Amino acid sequence: MRLRPGLVEFRCVGASGRRGGCDPEPDEVLARYLGSAAGVSLPPAFAAPRRVLRPGPRADCPRCHRPTARRVCPRCHNALPAEYCRRPGRIVALVGAKGSGKSTYITVLLHELANRVGEELETTLMGCDERTIKRYGRDFANPLYRENRLLDATRSAETEPGGPLVYLLSRTLWSFDRPFRVLGREFRIRWRWTRSLALVLFDTAGEDLRSRDRSELYLSYVGAADGVVLLLDPLGLPGAGPSVRGATDRPDDDPLDVIARVTELLRERHRSRRLRIPIAVALSKIDALRPELGRQSALHRARPRTGRLDLDDREAVHEQVRALLDRWQAGAIDRYLGQHYADHALFGLSALGGEPDVRAGRVGPGGVRPHRVEDPLLWLLHRFGMLRAGR
């Protein structure tokens with residue numbers, strides 16, 4: 001949902017120490033969004049005064065009169081990042097079906113953006129609220145990176161409600177810093193142009209995506225997205241071959257059905273026959289497909305680390321994945337995307353980079369060795385004008 005500045009609401013800071021403040025109370029709006037019948041207890045949310053057309057960084061709680069800078073969305077009461085409120089950027093949503101490895105992909109992608117990729121692109125990544133920061137460490141990063149444990153399958157939102165992880169990715173596109181002298185005095189002009197991107201990572205369970213009621217509730221944020229990353233499990237492709245172990249014939253997990261459900265949600269909100277939202281469709285667990293790839297396959301190579309999008313590499317990967325889909329009797333996926341989206345791209349990636357010890361529930365002996373996990377996001381950054389491209 002796009003917000004006019006005057007519609008942004010605030011949340012009271014609550015009582016702290018000896019300072020008075022509002023006590024926590026059930027937040028029915030947030031509880032409805034999270035799907036929790038028990039509700040959520042937090043200090044109350046309130047609208048800014050009507051005379052304020054563009055709320056500043058703070059507002060006074062009408063009950064306890066304490067100032068607060070905690071902005072929330074008026075529709076769902078989730079926290080809004082201050083930087084995004086000052087300079088709204090782009091929103092990217094991540095979705096995927098059961099078995100596509102979303103939890104592991106989210107964990108590794110955020111780790112790479114905060115470290116290796118962030119250093120290459122000179123970006124910063126910040127969690128937008130305490131819930132996001134604590135949940136990522138507790139449920140994602142600690143088990144995978146500190147304990148080398150495989151992440152458990154995501155539980156349905158009906159049994160364990162949860163919200164999306166929301167991050168703000170900022171990148172300086174251009175900076176100016178120059179000294180000059182006027183009448184013998186030295187001055188310096190500094191100016192920096194920064195663009196921001198809100199990453200909304202929703203780890204939906206497979207059954208939530210298959211159920212129309214639950215998918216509308218828990219994937220409604222897709223309608224506000226400027227771009228979508230959709231993960232597909234290659235084990236669900238009908239003709240992936242005997243080297244891809246564990247192939248499934250469950251009709252509910254058919255990749256084309258997953259794409260069709262997401263497309264239906266987008267079309268209901270955008271009322272467009274051919275969607276203009278760029279969508280990146282990625283085959284996860286590409287390491288399991290290596291026996292079926294040619295020696296010269298672009299998917300064997302690492303992404304060129306040039307600080308920009310390499311168009312030759314991007315086109316080679318796209319064509320390689322398209323050829324694999326045709327070979328595995330799944331060419332209808334690419335044709336469907338071309339018919340319903342004005343801009344789509346195909347990717348292959350591996351979050352772990354190697355085969356884990358599934359029986360022991362552990363990461364492989366080589367540890368986490370991600371392969372091309374950032375590719376879909378870099379393509380979207382280029383589409384948003386936040387990353388240059390070249391050959």
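The values are calculated or read from the model by the stated rules, or taken from the named source; none is laboratory data. Quantities reported herein were computed from a predicted structural model and do not represent experimental measurements. Virtual Cβ from ideal backbone geometry, glycine too; neighbours counted across all protein chains shown. For the accessible areas, the whole protein counts, side chains as well, though only heavy atoms, and no ligand, DNA or RNA atoms are used. Shrake-Rupley method; radii C 1.70, N 1.55, O 1.52, S 1.80 Å.
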Amide H contacts under 5 Å for residue 150, placed H, 5+ residues apart: 362, 363
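Mind giving me the FRET efficiency for residue 176 and residue 65? R0 is 35 Å, r the Cβ-Cβ distance, nearest 0.05 is fine.
Once the sixth-power term is evaluated, E becomes 0.25.
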Charge dipole (the stretch 93-145, unit charges on Cβ, about Cα centre) - positive-most of 124, 113, 97: 97
Solvent-accessible area of residue 336 with every protein chain in place, 1.4 Å probe, in Å² to the nearest 10: 40 Å²
Cα→Cβ-extended label distance, 7 Å offset, between residue 343 and residue 119, nm: 3.1 nm
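Take 386, 126 and sort them by solvent-accessible surface of the protein heavy atoms, 1.4 Å probe, largest at the top.
126, 386
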Residues with amide H under 5 Å from that of residue 70, placed H, sequence gap 5 or more: 11
Around residue 389: net Lys/Arg minus Asp/Glu count, Cβ-Cβ under 9 Å: +3
5 angstrom amide H check on residue 48, placed H, neighbours 5+ away: 10
Positive-end residue, the stretch 281-355 charge dipole about Cα centroid, Cβ charges, pick of 323, 297, 340: 297
Cut-off 14 Å between beta-carbons: net charge of the residues surrounding residue 116, Lys and Arg +1, Asp and Glu -1: -2
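Determine the sum of side-chain charges near residue 177: Lys and Arg each +1, Asp and Glu each -1, restricted to other residues whose C-beta is under 11 angstrom from that of residue 177. Provide the component values of the computation, followed by the final result.
On the way: positive: 178, 188, 190, 192; negative: none.
Within the 11 Å Cβ shell, the charges total +4.
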Net charge dipole size for the stretch 300-391 [Lys, Arg +1 and Asp, Glu -1 on Cβ; Debye, nearest 20]: 240 debye
